[in-house]
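See structure below.
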Amino acid sequence: MLRLCLLVLFIMQPFLVLAQESSCGTVASKDQIQFMDSIHNVAKAARVMNSKVNVPLQFHIIRNSDGSGGLNPGRTNALVAAVNAVYQGASIAFFEAGPPRFIDNDEWYNFDSSEETALASSRDVPNVINIYIPGTVRSGSSNVCGYAYFPPSPDRLFVALGCADNEFSTTAHEIGHYLDLFHTHGKTN
């Protein structure tokens, strides 16, 4: 499936700086790097589109089993506004596809990336960027602020509560990876 990034990539080149935080769990495979290099080359040759692209987001707030904890759902508007401010010059506008969805489960509140399939596969909303916000995010042996996948990949990313609620740039950073931006320090983490 051609992803949203193919539609907006060529207008993203000025924003490569967005993908540079040090506590990121996003790692590109060799195939993903080759895929993104090919897209970047096409994008450089095709920079002619000047219209705004609207991108839907669906928040999935993970809380404790009793409904406590988790991102205050009233904060999603501020989060979307902050992400829009970062991408404003790229002619991209993000919006909430629907109200936040809640996942009340102690097991996933302190999320480990090895649990992703069990958590997200049946909950992903099609044709949006699904943003999962658990209390913490662990990838391998490290706690990270978040992670996303480079294309081609699932339409989802993960951002730890503390990083989503206090550092809006983490969400913009992970969206950058989803839209196929490497870290500014290179193609590895």
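The values are calculated or read from the model by the stated rules, or taken from the named source; none is laboratory data. Given the structure is predicted, the values throughout are model-derived calculations rather than measurements. Neighbour counts are summed over all protein chains in view; Cβ atoms, including those assigned to glycine, are modelled from backbone coordinates with ideal geometry.
Worth a mention:
- Among the candidates Val80, Val159, residue that is surrounded by fewer than 20 Cβ atoms within 10 Å (Cβ to Cβ), under 19 Å from Pro56 (Cβ atoms) and modelled with pLDDT of 90 or more: Val80
- Verdict on Arg138 being surrounded by fewer than 21 Cβ atoms within 10 Å (Cβ to Cβ), modelled with pLDDT of 90 or more and touching a helix residue (DSSP H, G or I) at 6+ places or on another chain (Cβ under 8 Å): yes
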